[in-house]
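This report refers to the structure that appears directly beneath it.
The values are calculated or read from the model by the stated rules, or taken from the named source; none is laboratory data. The structure displayed is predicted, hence computed values, not measured ones. A quick note on method: Cβ atoms are made from the backbone with ideal geometry, for glycine too, and the neighbour counts reach across all protein chains shown. SASA here: full protein model, heavy atoms, side chains in, ligands and nucleic acids out. Shrake-Rupley method; radii C 1.70, N 1.55, O 1.52, S 1.80 Å.
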Amino acid sequence: MIRLLAIRHAPVAVEGIFYGQTDVPTTLDGAEAAARIEPVVGEFAPGTIWSSDAVRCREPAAWFSERLGVPHRIDERVREMSYGDWEGRAWDAVPRTEVEEWMAAWQTRSPPGGETVTGFAGRVAAWWRDLEPGAHFLMAHAGVVHCLEVVADGLTWERTIEQRIDFLAAQRFTRP
């Protein structure tokens, strides 16, 4: 059986920008974020710690790896969705018509130079399929958790994006 505990990273210290794969600061450093979720992660007792290469996920994951004495695996497949040319730009700096065009077909169209939701979900699904039996902890991005709700729990995209994923909130997924 595969058990996965996914927890969204700490709150970011920026507002109003597209920051999918952009490294942005958080309001808590890696150790502070890890300390806040330590009881949940410790009780779960993961055999492997996973994260993307983004500092907001990588640093708390590394802290847990050292603290629990289990391997930390960085995997690009669990990066947040790429907003391409919009990365790091203010929402109101992107022409409204471009955003509206993307939103009209958001599951199959990508932001300029970015990634489609279908492609994003495909790489997260590949990571999920490749997990070996055991308990895994993922320091995650909200978009990755939404992907897991679709690929692991069978939710529709419309249903999952209606649900807000709070910072440092835990979700569990299983697979026989």
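Considering only segment 111-120, state which residues are surrounded by 12 or more Cβ atoms within 10 Å (Cβ to Cβ) and assigned to a loop (DSSP other than H, G, I, E, B).
Pro111, Pro112, Gly114, Glu115, Thr116
Mind listing just one residue for me: the one in segment 48-71 that is under 17 Å from Arg3 (Cβ atoms), β-branched (Val, Ile, Thr) and not in a loop (DSSP other than H, G, I, E, B) and, of those, most open to solvent (accessible area, probe 1.4 Å)?
Thr48
Among what's in segment 142-176 and is in contact with a Leu (Cβ under 6 Å, 6 or more places away or on another chain) and either of a type in the set (Lys, Arg) or not in a strand (DSSP E or B) (or both), pick the residue that is surrounded by the fewest Cβ atoms within 10 Å (Cβ to Cβ).
Once the filter is applied, the top-ranked residue is Arg172.
Tell me yes or no: at least one residue of segment 128-135 is touching a residue at least 40 places away in the same chain (Cβ under 8 Å) and small (Gly, Ala, Ser).
Checking segment 128-135: at least one residue is touching a residue at least 40 places away in the same chain (Cβ under 8 Å) and small (Gly, Ala, Ser).
Identify, please: which residue in segment 121-141 is of a type in the set (A, V, I, L, M) and surrounded by 19 or more Cβ atoms within 10 Å (Cβ to Cβ) and is, among those, nearest to the chain's Cα centre (by Cα)?
Ala140
Answer yes or no: is there a residue in segment 72-84 that is assigned to a helix (DSSP H, G or I), buried (at least 18 other Cβ atoms within 10 Å of the Cβ) and of a type in the set (Asp, Glu).
Within segment 72-84, none of the residues are assigned to a helix (DSSP H, G or I), buried (at least 18 other Cβ atoms within 10 Å of the Cβ) and of a type in the set (Asp, Glu).
Restricting to segment 85-110, give me the number of residues that are in a helix (DSSP H, G or I), open to solvent by less than 50 Å² (accessible area, probe 1.4 Å) and under 30 Å from Trp50 (Cα atoms).
Of the residues in segment 85-110, 1 are in a helix (DSSP H, G or I), open to solvent by less than 50 Å² (accessible area, probe 1.4 Å) and under 30 Å from Trp50 (Cα atoms).
Take segment 133-162 and flag every residue that is closer than 22 Å to Pro176 by Cβ, touching a Ser or Thr at 6+ places or on another chain (Cβ under 8 Å) and not hydrophobic (A, V, I, L, M, F, W, C).
Of everything in segment 133-162, those that are closer than 22 Å to Pro176 by Cβ, touching a Ser or Thr at 6+ places or on another chain (Cβ under 8 Å) and not hydrophobic (A, V, I, L, M, F, W, C) turn out to be Gly134, His136, Glu149.
Of all residues being within 17 Å of the chain's Cα centre (by Cα) and within 17 Å of Glu66 (Cβ to Cβ) in segment 8-47, which is surrounded by the most Cβ atoms within 10 Å (Cβ to Cβ)? Just the residue, please.
Among residues in segment 8-47 that are within 17 Å of the chain's Cα centre (by Cα) and within 17 Å of Glu66 (Cβ to Cβ), the one surrounded by the most Cβ atoms within 10 Å (Cβ to Cβ) is Ala33.
Among the candidates Glu15, Glu32, Glu38, which residue alone is touching a residue at least 24 places away in the same chain (Cβ under 8 Å) and either out of contact with any Leu (no Cβ under 8 Å at 6 or more places or on another chain) or in a helix (DSSP H, G or I) (or both)?
Glu38
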